[in-house]
Every structure is written in structure tokens, then in C-alpha cells.
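Right, one structure below, let's go through it.
The values are calculated or read from the model by the stated rules, or taken from the named source; none is laboratory data. Remember, predicted model here, so these are calculated numbers, not experimental data. Methodologically, a virtual Cβ is constructed for each residue, glycine included, from the backbone with ideal geometry; neighbour enumeration extends over all protein chains shown. In case anyone asks, the SASA skips ligands and DNA or RNA and just uses the protein heavy atoms, side chains included. Shrake-Rupley method; radii C 1.70, N 1.55, O 1.52, S 1.80 Å.
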Amino acid sequence: VVGGYASFSGFSFSGLALGEWFLISCLVGLCLWPGFLWFRQGKRGLPLGEIFLLMLFMNYVLPCVSSREDWLGLPPVVRIRTLMAVGLFMVCFLVCYRSSLRTQSSGGTFPLLRRSLNKNWSWGFFGIWLAWVTGLQFNLLPNLGQYFSVFRVVMGATGLIAVINLFYRMGRREFAPVKRLCIIIGFSLGMATTFLGGFLSGGIPLIGSAVLAFGLGRGRIPAIGIILALLTIAFLHLGKASYRSQYWDEGQNYSGHSVDPLEGYSLWLKSSWDQIFHPDAVESKSTSMLERASLVHILAGVIAITPEQLPFLYGKTYGMIPILIVPRFFYPNKPRGTLPAETLGIYYGYQTEEGADHTGITMGPLVEAWANFGWLGLAGAGVFFGLLFGFPAHLSAQLRPSEIGWLVVANFVPFCINSGGTIPEILASLLTTIPMAIFVLYIISHPPENPASR
């Protein structure tokens with residue numbers, strides 16, 4: 001055991017064996033080195049895999065030194081086994097991801113993806129997205145019935161590609177100050193309206209996509225934007241529990257009525273302020289963002305009891321893919337998209353069948369992989385994600401941000417930022433979002449330019 005004691009801002013550097021330190025150091029390198037290489041090699045293409053690894057760093061590596069009792073209380077052999085499991089997943093992911101980036105260029109063989117868009121379409125899409133989130137939050141939308149999920153996917157893709165395009169061009173300084181101000185105000189209002197539901201997770205991928213697009217356009221890491229985004233999310237996270245207890249219906253994970261924005265944010269901001277400056281007066285303490293982001297303690301708990309106490313599921317959650325990818329208007333009684341995570345949560349006792357109707361729990365793809373097939377499952381999941389993000393990242397390097405293909409690949413960014421989804425959930429969302437994005441963009445695009453003029 002490492003001798004002595006040192007701690008800084010809730011991080012503990014004692015109680016960890018030398019073997020754990022070695023494995024943690026290796027995992028840090030696996031998570032951060034690819035991003036460094038992407039930056040050094042000219043920032044070509046969208047860094048899908050690099051972002052995914054950074055999120056894994058937050059979910060599985062950083063919490064190991066954050067003084068979490070549920071992690072440090074585990075036997076050292078379980079902790080080492082868990083770190084080895086994370087390492088196996090990352091190595092398999094990196095091998096396939098880097099191999100995909102080195103494949104021969106195939107962008108020229110897809111004329112559809114090279115269709116171009118003019119510079120004004122994004123403003124219309126941006127306005128449509130703002131109208132959608134406003135109508136959704138304040139119950140202004142007509143009854144869409146079984147087509148609601150279709151509209152939600154279309155509007156989500158519309159908002160994402162509009163935000164990415166506008167922030168990319170803003171990073172390239174293509175807009176006058178008035179237009180830049182309109183983008184910032186409009187995006188801020190859209191996020192504020194989205195957060196009124198009491199969920200931060202729904203807006204975080206979009207904020208991350210905007211910051212990434214701005215950085216790509218500017219050609220450097222947007223440090224100020226990253227800091228502002230993190231501080232804003234962290235501050236809102238502190239008062240989130242109080243806000244939910246006030247506005248969510250009893251026993252539910254949503255509000256059954258519209259929330260007045262001024263009243264809601266007055267309570268929310270005051271609760272966050274009190275968590276920082278008057279913690280003794282606050283009845284319920286908020287967990288830190290790092291604690292909420294941690295998935296390594298869940299993975300360790302699952303590894304500790306599977307298959308010794310609970311048998312492997314042998315593909316049970318993966319078998320849900322055919323059901324989940326069917327559009328809801330073809331299958332009105334289709335289960336919730338979170339069914340795989342709920343199945344895992346109930347199987348391992350993190351929630352009950354009744355509780356799954358009111359609360360959600362994030363299990364993550366590594367837990368799903370181990371629960372189904374153990375070490376083999378982790379290796380297979382790493383290969384899957386490496387290919388899932390590798391080929392689109394490679395394709396984006398061959399295209400321009402004004403072309404359909406680049407914007408379609410941009411739809412993968414939220415899935416990299418939100419790295420806690422199970423494979424069936426991700427596939428079901430992608431297989432719905434990508435065709436919709438291609439269809440919508442095709443309508444407003446024009447044929448590709450002559451290659452000689454590129």
C-alpha cells in the first residue's frame with residue numbers, strides 16, 4: 001500500500017495498492033493520449049473516439065481517486081480486477097478505432113454525402129428547434145399521438161445539426177457581432193427551457209456539441225467555453241434536487257404541469273447558492289457531479305458477484321435490439337428505450353420493477369458487457385464502439401462542414417458525450433436519428449460540386 005496520506009479537494013491518494021496506481025496510470029494514458037494525437041495531427045475530422053475516451057475517464061478512472069467509500073470499501077482484488085476490465089475495453093476500442101481511421105478514403109464514393117447546403121438553412125433549423133423545445137415545455141404542441149416520437153427525433157436532429165453548424169461558423173468568425181449575440185441568446189434560452197423539466201442530462205450533450213463545434217471552427221481548444229459550460233452545469237446540479245422536490249409530481253420523475261420560468265429558476269438558483277454558501281441550512285446535501293458521473297463503482301459491484309453469485313445473462317439485453325429499433329408508430333406498445341438499463345438495474349438490485357416506472361438509472365455499456373459475457377463481452381463491446389465511432393470519424397475527415405455527410409456524422413457526437421447508454425439504446429437511437437437527418441438534409445441540399453473545384 002502506498003505509504004503516507006495526501007488529499008486535495010476530495011481526492012484521496014492513500015489506500016490504493018501499487019498495482020492499482022499502475023493500472024490507473026495506464027488508463028489515464030489510454031484516455032488522454034488519443035486526444036493529444038488528434039490535436040497534434042491537425043485536428044482532422046470529428047474526434048468521436050477521443051471524446052468518448054474522455055468521458056470514460058470521467059466515468060471510470062477519475063472516481064477511483066475521489067475518496068468514494070463505495071469504491072475504496074471494496075477488496076483490493078476486486079478493484080484491480082475492475083481496472084483490468086476497463087483497460088481491456090479501452091484497448092479493444094482503441095485498436096479498432098485507430099484501425100478505422102487508417103482505412104482507405106471512401107468519401108468520394110458517396111455522392112449523397114457530398115451534397116452541399118447553403119449558408120442560410122441553419123437559421124431556419126435553429127428557429128424550428130427553439131419553437132419545438134418551447135412548445136414541448138409549455139404544453140403548446142398539438143396532440144401528435146403515436147407520431148410524437150418521430151417528431152421528437154426529427155426535431156432533435158434538426159436542433160443538433162443547426163447548433164453545430166452555427167457554432168462552427170461562429171468559431172470561424174463568419175458572423176457579425178449582432179448575429180453572434182442572437183446565436184448565444186437563442187441557444188441559452190433553448191437550454192434554459194430544456195432544463196425547466198428538471199433534467200440536465202438532456203442538454204449536456206448539446207452544450208458539449210456546441211463547444212466542440214466552436215473549437216473546431218476556431219482551430220483551438222475553447223478553454224473559456226469549456227470552463228463556462230462546466231461551471232454552469234455544476235452550479236445548476238447543486239440545486240437540482242431541491243428544484244425537483246418542489247415541482248415534480250409525487251412518486252414521479254417529471255412535472256405534470258408547466259413551470260413558470262422566473263419562479264422555477266429563482267428557486268433553483270437560490271438552492272444552488274445555498275449549497276455553496278449556506279450548506280448548514282440546507283436539509284438535503286447534493287451529490288457532486290463527479291459522484292453522479294461515476295460508473296466504476298457499479299461495474300465493480302457487478303464484477304464482484306458475476307458469475308459467482310448471479311449467472312451471466314448471455315445476451316439477454318442485446319436480444320432487445322430488434323424490439324427497440326422498430327419505430328413506435330409501427331409498434332405502439334413498444335417498451336421504453338431504457339429497457340436494457342432497467343433490466344440490468346433490476347437484475348442487480350439497484351432498482352425495483354415498480355421503481356423503474358418512476359426513476360432511471362445509468363448502468364453503462366461496460367456493465368452490460370460484463371453482465372452478459374464477462375471478459376469476452378468487454379472485448380466485444382470495445383470492438384463494437386471502436387468501429388461505431390471509427391468509420392464516421394474517418395468519413396468526417398474527408399468531408400467539409402457544409403456537406404451532408406459531415407453533418408450526419410455530427411449526430412454521433414452526443415452519443416460520445418453521453419457514454420452511459422447501453423448498446424441497444426444507442427443503436428435504436430442512431431438507427432432512427434441518422435436516416436431522419438439524411439432525409440431532412442437531402443431535401444434542402446443541392447448536388448455536390450465538381451471535384452475539380454473543391
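Dipole orientation for region 329-454: of the candidates Pro401, Pro335, Pro448, Pro448 has the Cα lying most toward the positive pole (charges on Cβ; Lys, Arg +1; Asp, Glu -1).
Legend: helices of the chain (whole DSSP H runs) are marked when their alpha-carbon atoms reach 20 angstrom or more along the helix axis and their mean Kyte-Doolittle hydropathy is at least 0.0; marked are 18-40, 76-101, 121-137, 148-171, 177-195, 204-218, 223-247, 365-396, 423-443. The apolar share of the surface of the chain, taken as the fraction of accessible area on carbon and sulfur atoms (1.4 Å probe, ligands and nucleic acids excluded), comes to 66 percent. Under the shape rule built on the C-alpha gyration tensor, where the axes satisfy a ≥ b ≥ c, region 108-228 is oblate, since a/c reaches at least 1.5 while a/b does not exceed b/c. The overall shape of region 40-129, judged from the alpha-carbon gyration tensor, is oblate: a/c is not under 1.5, and a/b is no greater than b/c.
A cut-off of 5 Å between modelled amide H atoms, ignoring neighbours fewer than 5 places along the same chain, links Leu46 with Ser396, Ala397. Shape class for the chain, computed from the alpha carbon gyration tensor (a ≥ b ≥ c): rounded, with a/c under 1.5. Determine the relative contact order of the chain: mean sequence separation of Cα pairs under 8 Å and six or more apart, normalised by residue count, in whole percent. The value is 28 percent. Accessible surface calculations at 1.4 Å, restricted to protein heavy atoms, place region 185-224 at 38 Å² per residue. Summing Cβ point charges (Lys, Arg +1; Asp, Glu -1) relative to the Cα centre of the chain gives a dipole of roughly 2080 debye.
Rounded to the nearest 500, the 222 nm mean residue ellipticity of the chain from helices alone is -19500 deg cm²/dmol, with -39,500 (n - 2.57) taken per DSSP H run of at least 4 residues.
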